[in-house]
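Please read the structure below before turning to the comments.
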There are 2 protein chains.
Amino acid sequence: MNNFEFYNPTRIIFGEGKISELDRVVPKNAKVLILFGGESARKTGTLSEVEQALGSRTFDHFGGIEANPRYETLIKAVDKIEKEGFDFLLAVGGGSVIDGVKFVAAAVNYPGDKWEVVTNRGATIKTALPFGTVLTLPATGSEMNKGSVITREELHSKLAFMSDHVFPQFSILDPVKTYTLPTRQISNGVVDAFVHVIEQYLTYPVNAYVQDAFAEGLLKTLIEIGPKALETPKDYDIRANLMWTATLALNGLIGVGVPQDWSTHMLGHEITVLYGLDHAQTLAIVLPSMLAERLPQKQAKLAQYAERVWGITSGSEQEKALKSIELTRAFFEKMQVGTRFSDYQLTQDVIEPLINSLAAHDMVKLGEHQDIDLVVSRRVYTAAL
Amino acid sequence: MNNFEFYNPTRIIFGEGKISELDRVVPKNAKVLILFGGESARKTGTLSEVEQALGSRTFDHFGGIEANPRYETLIKAVDKIEKEGFDFLLAVGGGSVIDGVKFVAAAVNYPGDKWEVVTNRGATIKTALPFGTVLTLPATGSEMNKGSVITREELHSKLAFMSDHVFPQFSILDPVKTYTLPTRQISNGVVDAFVHVIEQYLTYPVNAYVQDAFAEGLLKTLIEIGPKALETPKDYDIRANLMWTATLALNGLIGVGVPQDWSTHMLGHEITVLYGLDHAQTLAIVLPSMLAERLPQKQAKLAQYAERVWGITSGSEQEKALKSIELTRAFFEKMQVGTRFSDYQLTQDVIEPLINSLAAHDMVKLGEHQDIDLVVSRRVYTAAL
């Protein structure tokens, strides 16, 4: 096992009807800015439930944070807060809204160019406004971690930053809030959570028994409940398990003391930036192709994955490994997420721009061995056509 | 899945040589009291390593905190702190020292009778001195939770309290520090961690897929590494996995959203109080007998445990359940911890005093259904002779 540090102070409040707990966990005299995405937060009644729970506290709204939250939008929230003096933020939505609020919380009162919050990867964040979240879409794990991914449209950049200062103080997870989500968002959420686990698990063995067991437990849970979440949208236990699994997939726990990969995410980000695909769609395209390309480096762990997650007990190590990649692709397809560029009407014309974009963002040494260069990435993209 | 709240702000710093990180995580101008148990902390060099890491900070010692830490000892540390004005505590040792320091941290400046910290179960704790820990003995999980068990000799009481105020600020886990532990402490640690998982897992099914998977992962890890920890004391990865497993066994995570039992602990505490057996020895005596007694209530989950943890695939649900109890007993014996009163030269004369002691401590409604009364407890003790 590798050395590690683990710290995660976010309070999770989990269960049906828990939005009412806002009154307990938001400071009594706070001036609250509620940030959200599209109009669904209002239409589903979640927003008014939140407002009611805030009681007599002063609050205002900032809506319109988009999927792949944009700096250009968020900076308007920063302006509003600096002008009007809010002292507590409340993110109501999924990972995009929460990621956006993390940027806003850190950018308020940030000295100098606020885009540095992102470009310095969070290292120069010294304080942030306190904030909590009301999660409506299980997928990214942002509700219980210190990471955020922000897109700056004008620069064609989609970049991640991390800071202990942007852990949510609390996150309220009410599985019932997911009942009204469109199928596509559930599909995406399952794939996103699945790939989060894979990026922390499918590298090379370091005798981290517990981390492996936890990762395998999350993967098996997603394989079992993912299709059911599509079939029976109002099954409370299925949605509860999906919500908690997606949170644990990226709250830092399973990634301690083990090598991590994240190359699939990096290659996926460029597809979103250039062609606008959903984050999970890009992961579903890149991952099977990446695993096949990295068979030599990942074979031992792929075979373990085949055995423990997919129950494949026969065949050589290589045969098991290959079979597990097939089954992974089939699982994404079963979740109704296409795994090839062609499923999204994209052709080989995309390869060159994607490679150029990786180069522009200095994504030239990726993976757990930092040896995925542009040549390898080109093969991965090409194999995914 | 049941509703839940999860909060755990303890920072874990894990790995060989990490005691040097004290300089980073203890406040620069702190006046530190280092609390420890017997002389092993000094003899092994851990204490001087800690002192060196504290650099120019002012510090003093308080040694002699015993296994099953006693109020009578700890109150002397409280006096010393109130007189001499320490503002940061450092626990160096295992669960007993850490539990003791939690009491001390909460009792300093506690208004009124300090024993109330325990008898009010932590509910009246409003503040506590900040403290960190350097863990030398993997077992109790106290290094990453808010619980503590304190014994008051003169009242024959061993009672638990909990409070968010007594989470350690940080815990340093260096697996190498376990190399010099006596065999008995490793045996006890494995059994203790194992039973912690069992008490949160072996109740009745509530469709908590992830919690079950995590619990099963911890149990399988302990079954695999426990014997190896005895055979090859200086195998770093084995000790690292043991340390991290014992922490995760009782840091709150696997117990969220599921029913919990804890009756084995309660019946065990009385054995320690009256007859001085090690905590883990009492658990090894009570658990197999308790599981057999509770077969009707626990059968579904015992069968799941049999299948997923012990790999038993044939037989009826009841047969699987019974087999898993046998295997649990055999595992404790393999870990060199006796599972019957007779292994400790105790006879049926102990039953009456134990039942009286349970009654005196109001332990008359135990278990996940709160239906383990003194009649049931008597059967459990008797079956363990």
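Rolling a 1.4 Å probe over the protein heavy atoms gives the protein assembly as shown an accessible area of 36 Å² per residue. Mind checking which aspartates and glutamates have their C-alpha under 17 Å from residue B:301, skipping anything on the same chain fewer than 8 residues away? Hits, sequence-local ones excluded: B:199, B:212, B:216, B:261, B:293, B:317, B:319, B:326, B:368.
Per-residue Cβ counts within 10 Å, from other chains only, averaged over A:4-17: what number is that?
Counting other chains' Cβ atoms within 10 Å and averaging over A:4-17 gives 6.
Taking 30 Å as the straight-line reach from the Cα of residue B:114, the lysines in range (excluding those fewer than 8 positions away in the same chain) are B:28, B:31, B:76, B:80, B:83, B:102, B:126, B:146, B:158, B:365.
For the peptide B:235-244, the mean number of other protein chain Cβ atoms found within 10 angstrom of a residue's Cβ is 4.
Quick check: from the Cα gyration tensor, does segment A:11-177 come out rounded (a/c under 1.5), prolate or oblate? Prolate, since a/c reaches 1.5 and a/b exceeds b/c. With label points set 7 Å from Cα along Cα→Cβ, the inter-copy distances at residue B:29 are 2.7 nm, sorted shortest first.
Straight-distance candidates among the lysines for linking to residue A:234, with alpha-carbon spacing under 16 Å and chain neighbours fewer than 8 residues away dropped: A:177. Restriction of the trypsin sites (Lys or Arg not before Pro) in segment B:329-362 to DSSP coil positions whose beta-carbon has at most 16 other beta-carbons within 10 angstrom yields B:340.
For the segment B:210-223, counting C-beta atoms of other chains within 10 Å of every residue's C-beta and taking the mean gives 5.
According to the Kirkwood relation over distinct C-alpha pairs, the hydrodynamic radius of segment B:90-131 is 10.6 Å. Semi-axes of the equivalent ellipsoid for chain B, computed as √(5λ) from the eigenvalues of its C-alpha gyration tensor and ordered from largest down, come to 34, 24, 19 Å. When the Cα gyration tensor is reduced to axis lengths a ≥ b ≥ c, the ratio a/c is 1.5 or higher for segment A:181-384, and with a/b not above b/c it is classed as oblate. Rounded, prolate or oblate for segment B:88-211? Axes are the square roots of the Cα gyration tensor eigenvalues, ordered a ≥ b ≥ c, and the cut-off for rounded is a/c under 1.5. Oblate. Its alpha carbons give segment B:32-98 an Rg and a Dmax of 11.6, 33 Å.
With its label point defined 7 Å out from Cα along the Cα-to-Cβ axis, residue A:228 lies at 3.3 nm from the matching points of the other copies, in increasing order. Expressed to the nearest 5 percent, the antiparallel share of DSSP beta bridges inside chain A is 25 percent. Comparing B:87, B:349, B:174 in a Gaussian network model of chain B, where Cα atoms under 10 Å apart are tied by springs, the biggest mean-square fluctuation is seen for B:349. Counting from the shortest, the label point at residue A:109, 7 Å from Cα toward Cβ, is 2.5 nm from the same position in each remaining copy. Length gained on full extension, residue A:343 to residue A:204, computed as 0.36 nm times the residue gap minus the Cα-Cα distance: 46.9 nm. With the convex hull drawn around the C-alpha atoms of the protein assembly as shown, the volume per residue stands at 163 Å³. Among chain B residues, the one whose Cβ is nearest the axis of the rotation from B to A, given with its distance rounded to whole Å, is B:9, 2.
Taking every DSSP helix (H) stretch of at least 4 residues in chain B, weighting each as -39,500 (n - 2.57) and dividing the sum by the residue count yields a mean residue ellipticity at 222 nm of -15000 deg cm²/dmol. Extent along the principal axes, Cα only, for segment A:277-385: 43, 32, 19 Å, with the longest axis given first.
One Cα centroid belongs to segment B:161-191, the other to segment A:78-134; the line between them spans 38 Å.
Scanning chain B for long hydrophobic helices, with DSSP H runs required to stretch 24 angstrom or more by C-alpha along their axis and to average at least 0.5 on the Kyte-Doolittle scale, returns nothing.
The values are calculated or read from the model by the stated rules, or taken from the named source; none is laboratory data. Since this is a predicted model, take the numbers as computed values, not measurements. Note: ideal-geometry Cβ built from the backbone for every residue, glycine included; neighbour counts use all protein chains shown. These accessible areas exclude ligands, DNA and RNA; they are computed on the full protein's heavy atoms, side chains included. Shrake-Rupley method; radii C 1.70, N 1.55, O 1.52, S 1.80 Å.
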